[in-house]
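Below is one structure, written out as structure tokens; the observations come after it.
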Amino acid sequence: MKSSLSSLNLIFLAFLFFSCSSNLDFDQVKDLKLEPAVLANLAYFDIPANKLIDDGGNHVLADVRGFDVFKDKFFTNRLTKAEFDFEIENTIDRAFVVNLLLLNANDEVLETITFNVPAYTGGSNVIKYPTESFENQRLENLKQTINIGFVVFVAAGPPLNDDSTGSLKLKSSATAYLIIG
């Protein structure tokens, strides 16, 4: 029995040395096209209620931040699509309108994305907004973006002061789709 197992093992090993192969075509590398997707944080802010001191009327809080992603021509020339995802959590007893502004080198507004944020009424108040997709002309506008501005409009309501609690938080991410090849 032991010699028959050895014979079977030897025959099995012999079959392992036979293999199929085909001619390799190294010219196929010329047709190689990579399509990576890159995920990155886009913007974030956390504004405490006591920093929004007002008298109960409409007020505006503005902020502009540098956005130098498109200085890299390698990246810009290969970008085929971008998607932005936004999430806002409001734990302040006030409604807000948040505008995200895409600004060019002359501080001209290329696009405005508006988010209506309801007042906090208790419990979870996290709003996930629909994905903003940038293709075609909208993508070309995005590629000209040098700064991102945030304008927060505070809706009328009970006055906010140093003792006001809660915060307004924005989280966002960007997915960039590239073609390399």
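The values are calculated or read from the model by the stated rules, or taken from the named source; none is laboratory data. Because the structure is a prediction, the values reported are computed rather than measured. Because the Cβ atoms are built from the backbone with ideal geometry, glycine has one as well, and the counts that use them run over all protein chains shown. Just the protein is used for accessible areas: all its heavy atoms, side chains included, with ligands, DNA and RNA removed. Shrake-Rupley method; radii C 1.70, N 1.55, O 1.52, S 1.80 Å.
Things to note:
- Selection of region 67-80 for residues being under 16 Å from the mean Cα position of the chain (by Cα) and loosely packed, with under 10 Cβ neighbours inside 10 Å yields only 68.
- Among the candidates 60, 38, 97, residue that is over 23 Å from residue 176 (Cβ atoms), modelled with pLDDT of 85 or more, open to solvent by 40 Å² or more (accessible area, probe 1.4 Å) and part of a strand (DSSP E or B): 97
- The one condition in (1) among the hydrophobic types (A, V, I, L, M, F, W, C); (2) surrounded by 16 or more Cβ atoms within 10 Å (Cβ to Cβ); (3) assigned to a loop (DSSP other than H, G, I, E, B) that residue 105 fails to fulfil: (2)
- Note on region 160-181: residues that are over 22 Å from residue 45 (Cα atoms) and modelled with pLDDT under 90 total 3.
- Only residues that are of a type in the set (A, V, I, L, M, F, W, C) and over 19 Å from the mean Cα position of the chain (by Cα) were counted across region 94-138, and they come to 7.
- Some residue of region 157-166 being open to solvent by less than 70 Å² (accessible area, probe 1.4 Å), closer than 15 Å to residue 94 by Cα and among the aliphatic types (A, V, I, L, M): yes
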